[in-house]
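What follows is a single structure, written as structure tokens, with notes after it.
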Amino acid sequence: MTRRKGDGDSGSGLFSVGPFRDKLPGRGRGKPSGGVGWPVAGHADGPGSLVRSGPGAAALDGKLPLFVVHRPYRFHESVPQLLKQLGEDARGKLALGVSSGLPRQTVRAHLKFNSACEASAIRIVDPQGYLADKAHLRVKTLSPRAGRRAPYLRGSDYPVVGILDLQRECGANLLLTAGRALDTSDALGALAAACDEGDQALAALRPGERLALNLTLNAQWLRNPLLRDNLLAELIENRQFAIWHIRVQWPAPARSWVQPVDEELLGGYRVLAETAREHERVLLLPQTGLTGWLALAWGVTGFGTGSYGSNQAFLEESDRRGGKVRSVERYFERQVLHTVERTALSQLAANSAYQKCTCPYCGSLLDGKPWLEEYAGLHHLYGVGMLAAEVAPAAAGRPWSRDVVAGRVREAAQFAAGKLLTGHSDPAHLRTWDRLL
Amino acid sequence: MSVKKATGKVQRTRFTEAEVAAALGGPVSYLGSGAFGDTWRHGDTAVKIICGQPLPAERLQREVDGLRRVSSPHVVRLIGTGSVTIRGQEWQTLVFQYIDGDDVAKRIEAGRQPSAADAEAFLNGVLTGVADMHGVKTVHRDIKPANIALRGGEWSGPVLLDLGMARGDGEDTITAYGTAVGTVMYMAPEVLQGQPQRDAADLFAVGVTVREVLGGRHPFYDPGVNYTLTQRIARIDAGPRPLPAGFPDHVKEVLDRLTDSRRYIRGSASSSLRLLAREGAAA
């Protein structure tokens, strides 16, 4: 049998730390280094599927922002060290999490990854039940291999407790319901079924386990006032679900590195987040990238992103088939809150107000050496994570303020003004964000 | 059969006063009728005899279980269940504490409105009762002035009665829309459109009831007009009548939220109480 790179079971080099392994703090000391504030070693939060204390518990209680890194298909070996670095540099202002798609790897690969991500307080192994719902979302056709790994995708009679058990086997400590896509043509029925499944899952939890109600929606659920009202009414009334994990598929022609500017969609996110905050629900928005960061200002507790592609945004599957996709070198530029093409970077850097990134991955990226997609992705994750850490409350138990996000957005808009950023490098979302904040 | 109530109104009852007194073993007085039965005062208790529309045993048990979980000074206490035999047939009963004091419908009828301070206390009390019910996953489904007693006659002592199964004096009750039970004039728009009655529907009814108390008239409907369903929804969408001057802004704000046609704006009873407390303290 041939092992594919990135499939998680390959032996050599697993969980290496990239080019800065010797320079990164804590490396080679034989044990994880302690950060300032919260303990870095998230696994100390609780054994197995438990989150009992520390930053993970604080995040699941809505007291600390949660930054979730979606396991990349490629370069996932670098994620543990990235998280460790982020944990140290965020100095207790951020809880870290990892999320992997249950159908996408073997149990062994999940376990290895989750075990290696010591700095991750929250470990999600998402059942991604929506993969079976092509009638409601535009998703890839289910592969036979994914169907074998996640048998619940092949039929509707798989027991709820079985889905929880699979997540436990994979090393998850925040359990999710299946996450089937909700049918807009039967909104009430779909929501009721999701909540019913959630109730069954709650009843099947072991002492101390935490569960998030996992919903997958198309964008109409946030854009359409009636659908949104139905969704929000459930959020308010179902007090038994303290944590909501809501994934929204952004309509075409979105790009993973471009933030949506659809004000109906963003307005829906805002109302959703504000309602969650008002009613003290922990709301997690996976696969939302910088838009998830923006939503922290409105009351979201956590968001997820990845180093590239679909992990940064949950997009409609493209109609295109085949054909070689041109690889474009892109760089997350924190000063404009956007991922710009590398060609635009020199223009930004020429400005006297430009601040060169000092993250562990940028040295190699910015000194003229061959472009490494892996480092660009890690830099992106580091940068977004540090932005999230800025939003943390100044004191324990205090809500985080939208002022931090709004201030960052205004600064970015000012910096971008007059820089002739065009095409996908234009941070057009900043104008929309500024209006909505 | 009919019986004369304390208000002077003549009400139709399923059984005579003598039949009920004999069945319960002591003097009784008629209190009111609902879709599922009649309620009689018997000593310090209010006994509801389930003798109206057939009530499935499972549903009755669910209601009873819900009520037993509620512990609130603003929700009538369920003492127990039982049965009585009248005319050779056994009827189930629910036995509640009797609340001494008039109900809110009578206050409205008499044109007696609360002061600003009493209005806030009344709203707070009703919301507390609803929060306590919703906290144990029990939806009242028929909140209206006739189903709120004032303990000791005080606006600050509202007590929710009848708990989802009653019909008030001379008011319409509909059961045509799925599981909808309640009074049309206090029904939330989503219930009028056939959606299930959930927490948000209770909150809408609280908003309508309290607005009616404060304004002396229904916030959406004119008396004596028989509205179509479409007209009712249109009037709710157009917004309630303005409240009279003199009531605190935060009370108005909470009432505006509660009578919004969008359910999520109504929030929860707990969030409304938090808003009242927060804004009340700031005022």
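The values are calculated or read from the model by the stated rules, or taken from the named source; none is laboratory data. Just so it is clear, the model here is predicted, and its values are computed rather than measured. Virtual Cβ from ideal backbone geometry, glycine too; neighbours counted across all protein chains shown.
Figures for the structure shown
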read-out: Residue ID - nearest to B:GLY207 (Cα to Cα), chosen from residues in the stretch B:250-275 that are part of a helix (DSSP H, G or I) and away from chain A (no Cβ under 14 Å); value: B:LEU255
read-out: Close pairs from the stretch B:225-240: first within 22 Å of B:ARG257 (Cα to Cα), partner among the β-branched types (Val, Ile, Thr), Cβ under 6 Å, at least 6 apart; value: B:PRO240/B:THR259
read-out: Hits in the stretch A:227-247 (condition: in a helix (DSSP H, G or I) and either within 9 Å of chain B (Cβ to nearest Cβ) or of a type outside the set (A, V, I, L, M, F, W, C) (or both)); value: A:ARG228, A:ASP229, A:ASN230, A:LEU231, A:LEU232, A:ALA233, A:GLU234, A:LEU235, A:ILE236, A:GLU237
read-out: Candidates A:SER115, A:SER100 - the one that is more than 20 Å from A:LEU294 (Cα to Cα), within 16 Å of the chain's Cα centre (by Cα) and modelled with pLDDT of 90 or more; value: A:SER100
read-out: Residue count for the stretch B:81-136, restricted to those that are within 14 Å of another protein chain (Cβ to nearest Cβ) and assigned to a loop (DSSP other than H, G, I, E, B); value: 1
read-out: Cβ-Cβ under 6 Å pairs, at least 6 apart or on other chains, the stretch A:89-113 side under 29 Å from A:THR141 (Cβ atoms) and not assigned by TED's automatic domain parsing to the domain that holds A:LEU174, far side of a type in the set (A, V, I, L, M) and not in a helix (DSSP H, G or I); value: none
read-out: Some residue of the stretch A:154-174 being at pLDDT below 95, of a type in the set (D, E, K, R) and outside any loop (DSSP other than H, G, I, E, B); value: yes
read-out: Sole residue being within 14 Å of another protein chain (Cβ to nearest Cβ) and either touching a helix residue (DSSP H, G or I) at 6+ places or on another chain (Cβ under 8 Å) or touching a residue at least 60 places away in the same chain (Cβ under 8 Å) (or both), chosen from B:ALA200, B:ALA205; value: B:ALA200
read-out: Check on B:ARG211, part of a helix (DSSP H, G or I), under 18 Å from B:GLY129 (Cα atoms) and more than 14 Å from chain A (Cβ to nearest Cβ); value: yes
read-out: Unique match (being under 22 Å from B:THR259 (Cβ atoms), surrounded by 18 or more Cβ atoms within 10 Å (Cβ to Cβ) and either among the charged types (D, E, K, R) or touching a residue at least 12 places away in the same chain (Cβ under 8 Å) (or both)) among B:VAL130, B:VAL76; value: B:VAL130
read-out: Output for the stretch B:228-269, where each listed residue is surrounded by fewer than 19 Cβ atoms within 10 Å (Cβ to Cβ), under 23 Å from A:GLU278 (Cβ atoms) and hydroxyl-bearing (Ser, Thr, Tyr); value: B:SER261
read-out: Out of B:PHE122, B:PHE96, sole residue that is surrounded by 19 or more Cβ atoms within 10 Å (Cβ to Cβ) and farther than 22 Å from B:ARG217 by Cβ; value: B:PHE96
read-out: The listed residue being surrounded by fewer than 18 Cβ atoms within 10 Å (Cβ to Cβ) and outside any loop (DSSP other than H, G, I, E, B), out of A:GLY377, A:GLY368, A:GLY363; value: A:GLY363
read-out: Enumeration of residues in the stretch A:131-164 that are surrounded by 19 or more Cβ atoms within 10 Å (Cβ to Cβ) and touching a Gly at 6+ places or on another chain (Cβ under 6 Å); value: A:LEU153
read-out: Every residue from the stretch A:53-67 that is assigned to a helix (DSSP H, G or I) and aliphatic (A, V, I, L, M); value: A:ALA57, A:ALA58, A:ALA59, A:LEU60
